[in-house]
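Input: a single structure, listed below in structure tokens.
The values are calculated or read from the model by the stated rules, or taken from the named source; none is laboratory data. This one's a predicted model, so the numbers in the text were calculated from it and none came from an experiment. Neighbour counts run over all protein chains shown; Cβ positions are idealised from the backbone, glycine included. Please note that ligands, DNA and RNA were not included when accessible areas were found on the heavy atoms of the full protein model with its side chains. Shrake-Rupley method; radii C 1.70, N 1.55, O 1.52, S 1.80 Å.
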Amino acid sequence: MRKSTKIKRTRKKQKTQMHFEGLQTFTANDLQAIDFPPLEFLVEGLITEGLTLLAGKPKMGKSWMALDLAMSVALGSEALGTRQCQQGTALYCALEDNQRRLQRRMHHIYGDAINWPPNFHFSTHMSRFDEGGA
């Protein structure tokens with residue numbers, strides 16, 4: 001059986017935020033009062049706006065999947081065969097690849113049948129956060 005905890009309430013005005021160097025907090029009441037807009041999906045039912053990290057065991061096809069997802073977002077086409085994508089700018093960070101390998105993969109998947117979109121960006125190097133990286 002859990003021991004119940006009583007919260008003592010006082011008439012003092014309660015702070016809604018506490019500030020410490022490098023840390024800003026908010027209360028449960030503040031969180032409860034926030035009215036969040038619905039999530040916007042870039043890939044229907046799978047990936048929402050913002051940063052997405054794809055993780056898994058080696059050689060499971062993560063890079064190929066990410067390449068397909070990014071191209072589908074850049075084109076505004078279907079990804080993974082059935083999921084509609086909202087068209088937008090895509091950034092594919094291939095930090096373990098080089099341009100030659102990326103070009104070979106793109107040719108393998110897309111060939112020369114389509115023009116590769118100008119709103120599909122690649123990066124093969126990123127500075128560390130403590131060195132000014134984004």
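Here's how it looks for TYR92: its modeled amide H is under 5 Å from those of HIS121, PHE122, SER123, which are all 5 or more places away or on a different chain.
Here the Karplus curve 6.51 cos²θ - 1.76 cosθ + 1.60, taken at θ = phi - 60°, turns the phi angles of the range 60-71 into couplings of 9, x, 4, 5, 5, 5, 4, 4, 5, 4, 5, 5 Hz, with x standing for Gly and Pro. Considering only protein heavy atoms, what per residue accessible area in square angstrom results for the range 78-122 with a 1.4 angstrom probe? On a per-residue basis, the range 78-122 sits at 74 Å².
Loop-resident trypsin sites (Lys or Arg not before Pro) (DSSP state other than H, G, I, E or B) in the range 14-90 with no more than 12 further Cβ atoms inside 10 Å of their Cβ: LYS15, LYS59. Among ALA66, LEU91, ILE34, whose Cα lies farthest out toward the positive end of the dipole of the range 14-134, if unit charges sit on the beta carbon of Lys, Arg (+1) and Asp, Glu (-1)? Farthest towards the positive end: ALA66.
Across the range 19-134, Cα-Cα distances exceeding 19 Å account for 58% of all pairs.
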